[in-house]
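Novice: Below are the structure tokens for one structure; questions will follow.
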Amino acid sequence: MNFTNSIEAGKRARNVIPGGVNSPVRAFKGVGGDPVFFAKGQGSRLTDIDGNSYIDYVGAWGPLILGHAFPLVVEAVQKTVTDGTAFGAPTERESELAEIICSMVPSIGMIRLVNSGTEATMSAARLARGFTGREFIVKFEGCYHGHGDSFLIAAGSGALTFGIPDSAGVTSAAAGTTLVAQYNDSESVKRIFHEYGDRIAAVIVEPVAGNMGVILPEMTFLPYLREITKKYGALLIFDEVMTGFRLSAGGAQELFGITPDITTLGKIIGGGLPIAAYGGSKEIMSYVAPCGPVYQAGTLSGNPIAVAAGIAMLKALKSDLSIYKKLEKTTSHLAASLEKECRSAGILCVCNHIGSMMTLFFNRNKSVMSYNDAIGSDKELFGRYFHAMLESGIYLPPSQFESWFISSAHSHDDIESTLAKSKDVLRKIGGAR
Ligand SMILES: *Cc1c(COP(=O)(O)O)cnc(C)c1O
């Protein structure tokens, strides 16, 4: 494959944009080499600026559960944009999107729209602190909740890939009110509550971890978080920016039957446009300004074009809930086949998957159930797998610690073609060791 134009575009970009990218995970630091610049997305396919075509498993990092350029979303954007791009005043569409979300996510009675997942989690933390009058937030090592100061502690994916657990520029005051527990380790949560219990505003968690690679919650883990937060009067925040409308129409909370106090959403709810949200019961949400004392605002929040795209997306999902079963089936088949291929190539791996999320960990353990299990994966081998797959026309997330996303646009042929190419690649890199 020829990447001449992407390489040139990278040089140009690095001259005026830090690292040539507007979000660090795009820079291929986790796998080495130069990022590919894209021109077009259609269904399951991406085309780069050299004219190479790929089957895409990044899906814009989560939003595109119905594939690229989903016709109803494109149409909604086109129809809306000619009426003006922003008003800075309420529109009826915002209520429509809010009503759809409230009707689909069990714990949400009221919702506030924001512009990114980062804003949603920052606002959710402020709300939890304002509501409880307490300061501490408990998070889990390897879980990512956006780049807000208080969450850039042991923060997963981007940070994991770079081997920097923290960020420069985060004050000790911000870091000092974040307590870090271990995912799937209820004892670690219990210890923190024993010491700080009456000062903890909230526990925030990715109900299924997606930002250290996909890690499923053990059966008792989420129920334990619900129980201990209730016992101590703290709130439980499910960060469903990735899992919301991805694992089921009601997100992970519906799938696992747990009712969080606050939920953060993003990615899918904008259909690929910048929109996110936080919501909860009417009692909690009434603490948000202008109803209550917790201030949070946004010039472009509830942007008409993004909202129209979100409505089209969620209506499409709501009208055909069978898509979730189909996605699960496709993904289990892909995961099981990849594990089998690794085994026959003599490569040790664990392929975690749930719904349409999946990570192939090159890992010696029998299972990957914790942050420590995940970081034991062979990043170097993943880098070689990634590049060989890229050369074969398969675009995977450029890090060992990310979720692959399968969309309804991935056809049977796409999956079989991916498996055939992967088989060759695994043989090659397995044999080379
Ligand atoms: C992507 C993500 C975020 C951050 O969302 P942005 O829109 O990138 O700011 C927060 N939490 C989780 C779980 C995510 O996957």
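Novice: Among the lysines, select those whose C-alpha is under 30 Å from the C-alpha of residue 340, and discard any that sit fewer than 8 residues away in the same chain.
Specialist: 29, 325, 326, 329, 366, 379, 421, 423, 428
Novice: Would you mind computing, in nm to one decimal, how far apart the modelled labels at residue 92 and residue 364 are, each placed 7 Å from Cα along Cα→Cβ?
Specialist: 6.4 nm
Novice: Would you mind calculating the gained length between residue 319 and residue 167 on full extension (0.36 nm times residue separation, minus the Cα-Cα distance), in nm to one decimal? Don't skip to the answer; put the middle values down first.
Specialist: Details: separation 152, 0.36 × 152 = 54.72 nm, distance 4.24 nm.
Working it through step by step, the gained length comes to 50.5 nm.
Novice: Per the Kirkwood definition applied to all pairs of different Cα atoms, how many angstroms is the hydrodynamic radius of the stretch 195-250? Walk me through the intermediate numbers first.
Specialist: Details: mean 1/r = 0.0815 Å⁻¹.
So the Kirkwood estimate lands at 12.3 Å.
Novice: Here's another thing I want to ask about it. Among 6, 270, 248, whose Cα sits farthest toward the positive end of the charge dipole of the chain (+1 at Cβ of Lys/Arg, -1 at Cβ of Asp/Glu, about the Cα centre)?
Specialist: Of the options given, the answer is 6.
Novice: Under 13 Å Cα-Cα from residue 318, which aspartates and glutamates qualify once same-chain neighbours fewer than 8 residues away are excluded?
Specialist: Excluding near neighbours in sequence, the set is 99.
Novice: On a full-extension model of 0.36 nm per residue, what is the gain between residue 17 and residue 74, subtracting their alpha-carbon distance, rounded to one decimal in nm? Spell out each step's value before the answer.
Specialist: Numbers: separation 57, 0.36 × 57 = 20.52 nm, distance 2.86 nm.
Using 0.36 nm per residue and subtracting the Cα-Cα distance, I get 17.7 nm.
Novice: Just grab the label-to-label distance for residue 420 and residue 198, each label 7 Å out from Cα along the Cβ direction, in nm (one decimal).
Specialist: Going by the 7 Å Cα→Cβ label model, 6.7 nm.
Novice: In addition: Enumerate the lysines that residue 230 could reach by cross-link, defined here as Cα to Cα under 30 Å, with residues fewer than 8 away along the same chain left out.
Specialist: Once the sequence-local lysines are set aside, what remains near residue 230 is 139, 190, 267, 282.
Novice: Let me ask something additional. What shape does the stretch 1-120 take by its C-alpha gyration tensor, where a ≥ b ≥ c are the square roots of the eigenvalues and a/c under 1.5 counts as rounded, a/b above b/c as prolate, and the rest as oblate?
Specialist: Details: a/c = 2.06, a/b = 1.92, b/c = 1.07.
It is prolate, given that a/c is not under 1.5 and a/b is the larger ratio.
Novice: Multiplying the sequence separation of residue 2 and residue 102 by 0.36 nm and subtracting their Cα-Cα distance, what value in nm do you get?
Specialist: On the way: separation 100, 0.36 × 100 = 36.00 nm, distance 4.74 nm.
Extra length from residue 2 to residue 102 when fully extended: 31.3 nm.
Novice: Using Cα-only point scatterers and the Debye equation, what is log10 of I(q)/I(0) for the stretch 71-319 at each q in 0.11, 0.12 Å⁻¹, rounded to two decimals?
Specialist: -0.55, -0.66
Novice: How much solvent-accessible surface does residue 321 expose, in Å² to the nearest 10, with a 1.4 Å probe and all protein chains in place?
Specialist: 90 Å²
Novice: Just read off the accessible area of residue 413 with the full protein assembly in place, 1.4 Å probe, to the nearest 10 Å².
Specialist: 110 Å²
Novice: Here is a follow-up. DSSP loop chymotrypsin sites (Phe, Trp or Tyr not before Pro) in the stretch 268-331 with at most 11 other Cβ atoms within 10 Å of their Cβ, which ones? Write down the numbers at each step before the final one.
Specialist: On the way: sites: 278, 287, 295, 324; in loops: 287, 295.
Hits after loop and neighbour filter: 295.
Novice: Specify which residue in the list 178, 189, 229 is farthest towards the positive end of the charge dipole of the stretch 71-319, using unit charges on the beta carbon of Lys, Arg (+1) and Asp, Glu (-1), about the Cα centre.
Specialist: Of the candidates, 229 comes out farthest on the positive side.
Novice: Let me ask you something else. Tally Lys/Arg at +1 and Asp/Glu at -1 over every other residue whose Cβ is under 13 Å from the Cβ of residue 410; what's the total?
Specialist: Values: positive: 45, 326, 329; negative: 56, 328, 413, 414, 416.
Here the charged neighbours net out to -2.
Novice: Related question: Using θ = phi - 60° and the Karplus relation 6.51 cos²θ - 1.76 cosθ + 1.60, list the HN-Hα couplings for the stretch 27-38 in order, rounded to whole Hz, with x at every Gly or Pro.
Specialist: Those phi angles translate into 7, 6, 4, x, 10, x, x, 9, x, 8, 9, 9 Hz.
Novice: For residue 85 and residue 295, FRET efficiency with R0 = 30 Å and r from the beta-carbon atoms, rounded to 0.05?
Specialist: Numbers: r = 26 Å, r/R0 = 0.86.
FRET efficiency, residue 295 to residue 85: 0.70.
Novice: Sticking with this structure for a sec: Using only the Cα atoms, work out Rg/Rh for the stretch 277-347, with Rh taken as the Kirkwood radius, to two decimals. Before the final figure, lay out each step's value.
Specialist: On the way: Rg = 21.2 Å, Rh = 16.7 Å.
Radius of gyration over Kirkwood radius for the stretch 277-347 works out to 1.27.
Novice: Net charge near residue 185, counting Lys/Arg +1 and Asp/Glu -1 over other residues with Cβ under 11 Å of its Cβ?
Specialist: Numbers: positive: 190, 191; negative: 141, 187, 218.
Counting the neighbours of residue 185, the net charge comes to -1.
Novice: Taking the Cβ of residue 270 as the centre, find all other residues whose Cβ is under 15 Å away and add up their charges (Lys, Arg: +1; Asp, Glu: -1). Mind dumping the intermediate values first?
Specialist: Values: positive: 93, 112, 246, 267, 315; negative: 94, 96, 119, 240.
Cβ neighbours under 15 Å give a net charge of +1.
Novice: Hull surface divided by four, with the convex hull built on the Cα atoms of the chain: how many nm²? Don't skip to the answer; put the middle values down first.
Specialist: Values: hull surface 80.4 nm².
Averaged projected hull area, Cα only: 20.1 nm².
Novice: Just to be sure I understand: with springs between alpha-carbon atoms less than 10 Å apart, which residue in 59, 41, 169 has the highest mean-square fluctuation in the Gaussian network model of the chain?
Specialist: Fluctuation is largest for 169.
Novice: Then there's this: Could you state the number of Å between the C-alpha centres of the stretch 196-254 and the stretch 338-402?
Specialist: With the stretch 338-402 and the stretch 196-254 each reduced to a Cα centre, they are spaced 25 Å.
The values are calculated or read from the model by the stated rules, or taken from the named source; none is laboratory data. As the structure is a prediction and not an experimental result, all values here were calculated from the model. Reconstructed Cβ throughout: ideal geometry from the backbone, glycine too, with neighbour counts over all protein chains shown. Surface areas here come from the heavy atoms of the whole protein model, side chains and all, with no ligands, DNA or RNA. Shrake-Rupley method; radii C 1.70, N 1.55, O 1.52, S 1.80 Å.
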